[in-house]
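For reference, the structure is listed below as C-alpha cells.
The values are calculated or read from the model by the stated rules, or taken from the named source; none is laboratory data. Quantities reported herein were computed from a predicted structural model and do not represent experimental measurements. Because the Cβ atoms are built from the backbone with ideal geometry, glycine has one as well, and the counts that use them run over all protein chains shown.
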Amino acid sequence: MLVLTQGDPAGIGPEITVKAWQALRESGPRFVFLGAPELLAEKAPIQVVATMAEVEPVFPTAIPVLPLTLSTPAVAGHPDSRNARSVIDSIARAVALVLAGDATAVVTNPISKEVVQKTGFAHPGHTSYLAELCGVPGQDVMMLAGPSLRVVPVTVHVALRKAIDQLSTELIIKTAHTVAKGLIRDFGLSSPRIAVAGLNPHAGENGLMGTEEQEIILPAIQHLQQEGLKITGPYPPDTLFTAQARSQYDVALCMYHDQGLIPLKTLDMAEGVNVTLGLPIIRTSPDHGTAFDIAGAGKADPSSLLAALRLAHQLSENRKNAA
Ligand SMILES: NC(=O)C1=CN([C@@H]2O[C@H](COP(=O)(O)OP(=O)(O)OC[C@H]3O[C@@H](n4cnc5c(N)ncnc54)[C@H](O)[C@@H]3O)[C@@H](O)[C@H]2O)C=CC1
Ligand SMILES: NCC(=O)COP(=O)(O)O
C-alpha cells in the first residue's frame, strides 16, 4: 500500500490524485491519500479511515483518506502559507508510516518551495527533508527517470553561481556511489553505465573554456573507474542527450539542475518521475510542480503522478525481492 501526500492544497495535487485513483481503482497499485478530505470530496467518492488496516478494501470504491486539517480553506491557484503546516505534516506522517512498515512507499504530490520556506521550513524541497526524516541527512540524491532518459543533478536547488562553487570531486564521487547502489538494488541493473556531463561548453575543450573538467570532474571519474564503476566522461553537455548518446548509458550525472532537467522534461515530461535515492525508504514524485496557473481548471494531466505511483510500487517490490 502506497501513501500519497497532500502536496500544496491550492495546486493541481487534488485533481491529479482523483484522476490517478480513477485510473487505478481496479488495477492498482493502491494508495491512501494523507491530506484534507475536502480537497477531494467534491470530485470523487472518498472514505476517511483511521488506520492503514482499513485502507485496502476501500480503494476500488472510494479514495481512502487519512485526514489532515487545513488552517484555512484552500483556494485553487492561490497558495496560502497558513496551510504550510499541513503540507509539511503530510510528508512527515507519510515517512513515519513507511518507516513503521505500515506502507510500502511514499509518493509525494507537488509542493511550493516558496510557500513552505516562508514559514521557516529549512529545506529546498522534499528531498533533503526526507533524508532528515529517515535519519540519513545529507545522503539523499535526486534522480529524474523517464522512458527516454535518467538524469541526476549533482548540485540541485541552488543559484547557478553557487552550484558551480559547490561542485567538488568528493561530491561527484559520493553522488555516483549512491546512484550506482540505487540502480543496482532498486532498478535491477547489474552494472549501471554512468555518463558524466562536463560543466563548460565543449566540456572545457582542454582548459580553453574552463578548467572544472580537468580539476574536479575528471579526477572523480578516474577514482570511480579504479573502483570498478562503469563511468565515463566528462562529455560535452550539448551532445550528451541525443538519441545516439542516450543509448550508451543508463544515467547521466549532470553538474547542475537544469543541465539534466531540461532534457528530461523536454523528452519525458508526461511520464517523468522524481526518485529519491539514498534513503532507507522508497520515495517517488511526479516530475512537475504545483502548476498554480491551471489549478482548478480541470486541465491537469495525471500521467506523471500515475508513473510515480507505478514506479514506487515496482521499486518496493524489487527491494522486497532483493532483501
Ligand atoms: N516535486 C515537487 O514538489 C515540485 C515542486 N515544484 C514547485 O512547483 C511550483 C511551480 O513550479 P513551476 O516551475 O511553475 O513548474 P510546474 O511544473 O508547476 O509548471 C510548469 C508549467 O507546466 C504546466 N504543468 C505542470 N504540470 C502539469 C500537468 N500535470 N498537467 C498539465 N500541465 C502541467 C503548468 O501549468 C505550467 O505551465 C514551484 O513552487 C516549484 O518549487 C516544481 C517541481 C517539482
Ligand atoms: N526540480 C525538482 C523539484 O523541484 C523537486 O524537488 P523535491 O521537492 O523533490 O526535493
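Each residue in region 159-211 was checked for being in contact with a Pro (Cβ under 8 Å, 6 or more places away or on another chain), in contact (Cβ under 8 Å) with a residue 40 or more places away in the chain and of a type in the set (A, V, I, L, M, F, W, C), and 6 pass.
Each residue in region 189-208 was checked for being out of contact with any strand residue (DSSP E or B) (no Cβ under 6 Å at 6 or more places or on another chain) and closer than 12 Å to residue 237 by Cβ, and 5 pass.
Table: residues versus (1) more than 12 Å from the chain's Cα centre (by Cα); (2) in contact (Cβ under 8 Å) with a residue 40 or more places away in the chain; (3) assigned to a loop (DSSP other than H, G, I, E, B).
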| site | (1), (2), (3) |
| --- | --- |
| 64 | yes, no, no |
| 120 | yes, no, yes |
| 123 | yes, no, yes |
| 127 | no, yes, no |
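Just checking, which of 312, 295, 252, 245 is crowded, with 23+ Cβ neighbours inside 10 Å and part of a helix (DSSP H, G or I)?
Numbers: 295 fails: part of a helix (DSSP H, G or I); 252 fails: part of a helix (DSSP H, G or I); 245 fails: crowded, with 23+ Cβ neighbours inside 10 Å.
On inspection, the qualifying residue turns out to be 312.
Answer yes if at least one residue in region 255-274 is modelled with pLDDT of 95 or more, in contact with an Asp or Glu (Cβ under 6 Å, 6 or more places away or on another chain), closer than 24 Å to residue 115 by Cα and more than 12 Å from ligand 2 (Cβ to nearest atom), and no otherwise. No, there is no match, as no residue in region 255-274 is modelled with pLDDT of 95 or more, in contact with an Asp or Glu (Cβ under 6 Å, 6 or more places away or on another chain), closer than 24 Å to residue 115 by Cα and more than 12 Å from ligand 2 (Cβ to nearest atom). For residue 77, the conditions (1) closer than 24 Å to residue 299 by Cα; (2) crowded, with 21+ Cβ neighbours inside 10 Å all hold with the exception of (2). Cβ separations smaller than 9 Å between residues 6+ apart or across chains give the following pairs from region 291-305 residues that are touching a residue at least 12 places away in the same chain (Cβ under 8 Å) to residues that are among the basic types (Lys, Arg) and buried (at least 16 other Cβ atoms within 10 Å of the Cβ): 300/19; 301/19; 302/19; 305/19. Just one of (1) in contact (Cβ under 8 Å) with a residue 12 or more places away in the chain; (2) out of contact with any helix residue (DSSP H, G or I) (no Cβ under 8 Å at 6 or more places or on another chain); (3) not in a helix (DSSP H, G or I) fails for residue 27. It is (1).
Could you grab me the full set of residues in region 142-151 that are over 18 Å from residue 91 (Cβ atoms) and within 12 Å of ligand 2 (Cβ to nearest atom)?
143, 144, 151, listed by residue number.
Let me confirm something: among 85, 93, which residue is touching a strand residue (DSSP E or B) at 6+ places or on another chain (Cβ under 8 Å), among the basic types (Lys, Arg), surrounded by fewer than 21 Cβ atoms within 10 Å (Cβ to Cβ) and touching a residue at least 12 places away in the same chain (Cβ under 8 Å)?
Result of the check over 85, 93: 93.
Apart from one condition, residue 283 fits all of (1) of a type in the set (Lys, Arg); (2) surrounded by fewer than 17 Cβ atoms within 10 Å (Cβ to Cβ); (3) closer than 20 Å to residue 128 by Cα; the exception is (2).
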